[in-house]
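Laboratory data are not the source of any read-out in this text; all were calculated from the coordinates shown. In this text, all values refer to a predicted model and were calculated from it rather than measured experimentally. Please note: Cβ atoms are built from the backbone with ideal geometry, for glycine as well, and neighbour counts cover all protein chains shown.
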Amino acid sequence: MCGAGPLPARMAQAARRQGWRVWAFAFPGADDLAPHADRVVPSRITEAAAVLAALQADGVSAALFGGRFSMSEVLQADARTADATSRRIGEHAGSRVDAKLLEAIVALFASIGVEVLDQRPFVGDLAPAGPLGSRSPSDAEAADVRRGLVAARMAADAGIGQTVVVRHGVVVAVEAVEGTTAAIGRGTSLAGPGAVVVKAVARDHDYRFDTPTVGVETVAAAADGRAAVVAVEAGRVLVVDREATARAADAAGIALVGVDALA
């Protein structure tokens, strides 16, 4: 089940190496998955019946979700134009909070014998603790990282977002529906040069539906806003194309760092 970004292709390649036959259900914004899948099925969130029919017709036994699925599209979707299966998912969820929707999707997939798999065996190693590039945060920056990690964990636990921007101990932006890149742009415009970006994960995060990531695009947004640090929760966030992302951070003078989770 493929959203936008590089993860679906990476996951499809890993699945093939593990011996899976791969079908890619490509939702709006997904990259071209044809080189990495045995079949590509164009899909939409308002046309769930067609997805289920394809899963059943070909005896699919397991599903992986990967990439970014637009919450704006989910929020703006008109139930009157959705098919009956999509409406049933919405009714079962009771709201458009992503966790509730995902629970409803798991239940529906289970009813036809399809298991939703944890993404982590298919995405590679998550970020280690410590500097990932050539620069470490200063003492003042490290204090903002610690403050940001507390705030980001609170926001993630509340189901709001995973990224915050901090400057001099002040949380100036919290990610919501707009996503990490837009939150960084908003936060750095408010904080000015030297801001610290921190991404963390909810304690009960469900890796079947999302592996939190940063990458070259994240660092570019931080560089555009003259941020000083991009910090991620070690062991829980993936740095996509780690070497390229570290090079981008070094070129911008940004400290890219993995930080240990708080108790």
Mind checking the angle between helix 98-111 and the chain's longest principal axis? C-alpha axes, 0 to 90 degrees, to the nearest 10. 30
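Rounded to the nearest 0.05, what FRET efficiency is calculated for VAL150 and SER189 with R0 set to 25 Å and r the Cβ-Cβ distance?
Numbers: r = 23 Å, r/R0 = 0.92.
About 0.60, to the nearest 0.05.
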Rounded to the nearest 10 degrees, what's the angle between the helix 139-157 long axis and the longest principal axis of the chain, both from Cα atoms, 0 to 90? 20
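Please list the equivalent ellipsoid semi-axes of the range 188-239, computed as the square roots of five times the alpha-carbon gyration tensor eigenvalues, in descending order and whole angstrom.
Values: eigenvalues 114, 24, 15 Å².
Working through the eigenvalues yields semi-axes of 24, 11, 9 Å.
Could you tell me what % of all Cα pairs in the chain have separations over 27 Å? Intermediate values should be presented prior to the final figure.
Values: 13532 of 34453 pairs.
When every Cα pair of the chain is considered, 39 percent fall beyond 27 Å.
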Please give the helix 48-57 orientation as an angle from the longest Cα principal axis of the chain, in degrees from 0 to 90, rounded to the nearest 10. 60
Rounded to the nearest 500, what is the 222 nm mean residue ellipticity of the chain from helices alone, with -39500 (n - 2.57) per DSSP H run of 4+ residues and division by all residues? -12000 deg cm²/dmol
Check VAL172: other-chain or 5+ apart residues with amide H under 5 Å from its amide H, H built from backbone geometry? VAL165, VAL166, ARG167
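Evaluate 2.2 N^0.38 Å with N set to the residue count of the range 130-259, then give the Cα radius of gyration divided by it. The partial results should precede the final answer.
Working: Rg = 12.8 Å, N = 130, 2.2 N^0.38 = 14.0 Å.
Output field value: 0.92.
Can you give the FRET efficiency to the nearest 0.05 for ALA251 and GLU178, using r as the Cβ-Cβ distance and R₀ = 22 Å? If you can, show how the numbers build up before the last one.
Values: r = 26 Å, r/R0 = 1.18.
Using R0 = 22 Å, I get an efficiency of 0.25.
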Using only alpha carbon pairs under 8 Å that are at least six residues apart, calculate the relative contact order of the chain and give it in whole percent. 17
Using a simple spin-label model with points 7 Å from Cα along the Cα→Cβ vector, what separation in nm is obtained for ARG87 and ARG16? 4.0
